[in-house]
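Input: a single structure, listed below in structure tokens.
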Amino acid sequence: MSLSAHEVNHLKHAPEVEGVLPVFFHRWSPRSFADRAVSPATLAKCFEAARWAASSFNEQPWRFFLGTRGSATYKKIFESLGEFNQVWAASAPVLILGVARTKFSHNDAPNRVALYDLGAAASYMTLQATALGLATHQMAGVDLDKARKLLEIPEEYIIGAAIALGYQGEPTALTNEQMHKQEITPRQRKPLDEIVLSAWGEPAKLS
Ligand SMILES: Cc1cc2nc3c(=O)[nH]c(=O)nc-3n(C[C@H](O)[C@H](O)[C@H](O)COP(=O)(O)O)c2cc1C
């Protein structure tokens, strides 16, 4: 089966729930990106959203390496990706790598929620990107040693995830069968009664 980018985008949208911001239902993670650059002004809007995420002690432990196609940073992030991710992420015009400082600035004590804060900021970025008509795909599949070496990431920073960002491409561009299949399959989530609890094993009452 072959579907267009437009058809797939429709199929990936989750059913809307009244009162919930549509952007949450519209974000999804494609592996095919269009051959279209993203302007610096548009990228700045995505990072602006990330900047305003909450963080423990307002530490803002996140730092983002930004690589646009053709840049040395792009090459370094791409080289740090796992093999599976390299297969598809090469089509993305922008690659980002998020890292977080694991010590608080005010007292040098360990910040156990540094990755949590980075994840929140990355989440804001992906949602802002969606609102701007962009697509994002986060990746845990990163060779951490390679990334640390190539990007000269200091010891006290933990590496989070890489993010491919760009405009959604045609699913048919994916020649890998598994990737193409996933690209055209509707998204699924656990039901609320499995993830919201009043006690362990007991769903919270939400209606
Ligand atoms: C932290 C994180 C790491 C991920 N790592 C990878 C990865 O290495 N490779 C990949 O193809 N997808 C990766 N994904 C994408 C997930 O598989 C995807 O978000 C999930 O299946 C839900 O689909 P959706 O984002 O379209 O809703 C990752 C997502 C997150 C949030």
**Asked** Say we look at segment 102-124 and pick out the residues that are open to solvent by 40 Å² or more (accessible area, probe 1.4 Å) and away from the ligand (no atom under 16 Å from the Cβ); which of these is farthest from F64 (Cα to Cα)?
**Response** N107
**Prompt:** Given segment 105-207, what helices (runs of 4 or more DSSP H) lie entirely inside it while holding 3 or more residues that are within 30 Å of H10 (Cβ to Cβ)?
**Reply:** 114-131, 177-183, 192-195
**Among (1) away from the ligand (no atom under 14 Å from the Cβ); (2) among the small types (G, A, S); (3) surrounded by 18 or more Cβ atoms within 10 Å (Cβ to Cβ), the one test that S4 misses** = (3)
**Request:** Could you list all residues from segment 161-182 that are exposed (fewer than 10 other Cβ atoms within 10 Å of the Cβ) and either in contact with an Asp or Glu (Cβ under 7 Å, 6 or more places away or on another chain) or of a type in the set (D, E, K, R) (or both)?
**Result:** E177
**Asked** T185 fails exactly one of the following numbered conditions: (1) within 24 Å of S71 (Cβ to Cβ); (2) within 11 Å of the ligand (Cβ to nearest atom); (3) open to solvent by 10 Å² or more (accessible area, probe 1.4 Å). What is the number of that condition?
**Response** (1)
**Prompt:** Which of the residues that make up segment 128-160 are in contact with a strand residue (DSSP E or B) (Cβ under 6 Å, 6 or more places away or on another chain) and open to solvent by 50 Å² or more (accessible area, probe 1.4 Å)?
**Reply:** Q138, A140, L144, E156, I158
**Item:** Residues of segment 30-45 satisfying the condition of being within 16 Å of the ligand (Cβ to nearest atom) and either modelled with pLDDT under 95 or not basic (K, R) (or both)
**Value:** P30, S32, F33
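The values are calculated or read from the model by the stated rules, or taken from the named source; none is laboratory data. These figures come from a predicted structure and were not determined experimentally. In this analysis, Cβ positions are derived from the backbone assuming ideal geometry, glycine residues included, and neighbour counts consider all displayed protein chains. Calculation scope for accessible area: heavy atoms of the full protein, side chains included, ligands and nucleic acids excluded. Shrake-Rupley method; radii C 1.70, N 1.55, O 1.52, S 1.80 Å.
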